[in-house]
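Peer 1: Sharing a structure below in structure tokens format, with a few things to ask.
The values are calculated or read from the model by the stated rules, or taken from the named source; none is laboratory data. No experiment lies behind these values; they were computed from the predicted model shown. Don't worry about glycine lacking a Cβ; one is built from the backbone with ideal geometry, like all the others, and counts go over all protein chains shown. Heavy atoms of the whole protein, side chains included, go into the accessibility calculation; ligands, DNA and RNA do not. Shrake-Rupley method; radii C 1.70, N 1.55, O 1.52, S 1.80 Å.
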Amino acid sequence: MTELASLAAWLSAHGLQLAPGTTLQRLGGGIANRNEAIDLLGNMLGMGGPIAAVLRRPPPGLLAAGASDMAREARVLAALAPHFPLAPRLIAFCSDTAVLGTPFQLIERRAGIAIAGSLPAGCGDGTALIDTVLSAMAALHGLDPQAMGLGDLGKPEGFFARQLKGWTARAAAVWPDGLPAAAAALIAALAADIPAESGTPVLLHMDLKPDNLLVDPATLHPGAMIDWDMATRGPRAFDLAVLLSYWIEPGDPAALKSLQAVPSLSPGWPGRAEIAAHYRAISGHDAGDLVWPLALARLRLAVAWMQLYRKWQRGEMDGNRYQGFEPLALAILGHAGDQLSKGTL
């Protein structure tokens with residue numbers, strides 16, 4: 001039975017139906033999870049006309065601990081959608097791996113483009129995108145998790161220590177023959193000075209950068225916030241630190257500039273310190289000293305890139321996109337250690 005036939009049978013058993021002629025159309029942009037466009041019959045959902053949906057599932061092959069958690073994402077979307085307009089509606093979730101080989105979700109598909117390392121034509125200097133991202137982040141952080149049934153999401157107490165422990169274990173897994181010197185030094189420096197956490201925990205997206213927002217290509221206004229599989233509760237500083245971990249500046253080492261996850265090298269774009277100040281102005285909240293959280297976010301980024309590199313080595317990821325991820329991960333680690341030692345972003 002084909003994947004489409006298996007999906008159709010599961011949908012039928014759950015009161016849903018594929019629109020005639022629907023195929024699985026791969027959506028670009030993501031580097032890990034698989035996203036495919038499909039259409040459902042609207043009358044099966046009490047709505048008129050076909051419903052544009054996304055079939056979302058983990059990448060093939062072995063997954064790192066906690067990665068691509070479709071059940072977590074489904075829970076978060078179901079809770080958020082009535083309260084947070086940028087959260088797409090969850091249509092259905094399937095935990096039965098016998099259907100498609102992995103858990104999967106069906107999510108409302110919204111219009112818009114995802115902007116990664118370069119700005120598309122027609123959007124000017126693109127600086128409006130910065131306001132879009134930071135305003136969306138501030139709006140998310142302003143929600144009350146308890147009020148929407150997410151008061152038990154994650155374990156915010158001891159967040160930084162637990163994140164460091166988890167990413168240290170993942171680093172050991174992707175370098176089973178021993179940590180590179182830059183990774184070992186960074187982990188030791190982080191462990192020696194874990195900061196205290198203050199303030200009420202907020203909802204964290206955990207990977208909120210421009211390409212996880214779908215925006216209007218002309219106005220850069222947001223239509224959706226996507227990729228919620230790591231969402232949790234914790235200090236607002238970490239969402240901001242994760243964004244800054246992707247934010248490469250012109251004066252950064254040349255080896256980092258292949259990251260191209262954020263168009264921060266575009267002419268006229270602000271640096272990391274300015275982004276932190278802009279978040280404070282938009283949100284009305286000071287995220288505190290970001291040097292340590294940013295170093296942790298860079299460790300996380302380097303290890304995540306190595307996880308993808310190992311999957312590519314095992315033949316689980318198509319193409320050569322991931323071929324340079326190991327030297328990039330090492331460059332990120334070296335930069336993280338240098339910046340942490342200097343006490344700068």
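Peer 1: Given the criteria outside any helix (DSSP H, G or I), more than 30 Å from residue 76 (Cβ to Cβ), touching a residue at least 12 places away in the same chain (Cβ under 8 Å) and open to solvent by 60 Å² or more (accessible area, probe 1.4 Å), does residue 177 qualify?
Peer 2: Values: outside any helix (DSSP H, G or I): yes; more than 30 Å from residue 76 (Cβ to Cβ): yes; touching a residue at least 12 places away in the same chain (Cβ under 8 Å): no; open to solvent by 60 Å² or more (accessible area, probe 1.4 Å): yes.
No.
Peer 1: Just one of the numbered conditions (1) part of a loop (DSSP other than H, G, I, E, B); (2) touching a strand residue (DSSP E or B) at 6+ places or on another chain (Cβ under 7 Å); (3) open to solvent by 50 Å² or more (accessible area, probe 1.4 Å) is not true of residue 121; which one?
Peer 2: Condition (2) is where residue 121 drops out.
Peer 1: Name the single residue, out of those in region 100-115 being crowded, with 19+ Cβ neighbours inside 10 Å and of a type in the set (A, V, I, L, M, F, W, C), that is nearest to the chain's Cα centre (by Cα). Walk me through it before giving the result.
Peer 2: Filtering region 100-115 for residues crowded, with 19+ Cβ neighbours inside 10 Å gives 103-107, 109, 115.
Right, trim to of a type in the set (A, V, I, L, M, F, W, C) and you get 104, 106-107, 115.
Numbers: 104: 17, 106: 18, 107: 16, 115: 13 Å.
The qualifying residue nearest to the chain's Cα centre (by Cα) is 115.
Peer 1: Restricting attention to region 198-222, which residues are open to solvent by 60 Å² or more (accessible area, probe 1.4 Å) and touching a Leu at 6+ places or on another chain (Cβ under 6 Å)? Quick ask: steps written out before the conclusion?
Peer 2: So in region 198-222, the residues open to solvent by 60 Å² or more (accessible area, probe 1.4 Å) come out as 198-200, 216-219, 221.
None; the set is empty.
Peer 1: Go through (1) open to solvent by 20 Å² or more (accessible area, probe 1.4 Å); (2) within 21 Å of residue 326 (Cα to Cα); (3) modelled with pLDDT of 95 or more; (4) out of contact with any helix residue (DSSP H, G or I) (no Cβ under 6 Å at 6 or more places or on another chain) for residue 250 and report which single condition fails.
Peer 2: Every listed condition holds for residue 250 apart from (2).
Peer 1: Got a sec? Which of 296, 330 is surrounded by 21 or more Cβ atoms within 10 Å (Cβ to Cβ) and in contact (Cβ under 8 Å) with a residue 12 or more places away in the chain? Break it down into steps so the answer makes sense when it comes.
Peer 2: Working: 330 fails: surrounded by 21 or more Cβ atoms within 10 Å (Cβ to Cβ).
Only one candidate qualifies: 296.
Peer 1: Among the residues of region 86-99, which ones are open to solvent by 20 Å² or more (accessible area, probe 1.4 Å), among the aliphatic types (A, V, I, L, M) and in contact (Cβ under 8 Å) with a residue 12 or more places away in the chain? Quick ask: steps written out before the conclusion?
Peer 2: Residues of region 86-99 that are open to solvent by 20 Å² or more (accessible area, probe 1.4 Å), as a first pass: 86, 89-91, 93, 95-99.
From what is left, the residues that are among the aliphatic types (A, V, I, L, M) are 86, 90-91, 98-99.
Selection gives 86, 90, 91, 99.
Peer 1: Mind telling me which of the residues 279, 309 ends up being under 25 Å from residue 125 (Cβ atoms), buried (at least 19 other Cβ atoms within 10 Å of the Cβ) and either in contact (Cβ under 8 Å) with a residue 24 or more places away in the chain or hydroxyl-bearing (Ser, Thr, Tyr) (or both)?
Peer 2: Values: 309 fails: under 25 Å from residue 125 (Cβ atoms).
That would be 279, the only listed residue that is under 25 Å from residue 125 (Cβ atoms), buried (at least 19 other Cβ atoms within 10 Å of the Cβ) and either in contact (Cβ under 8 Å) with a residue 24 or more places away in the chain or hydroxyl-bearing (Ser, Thr, Tyr) (or both).
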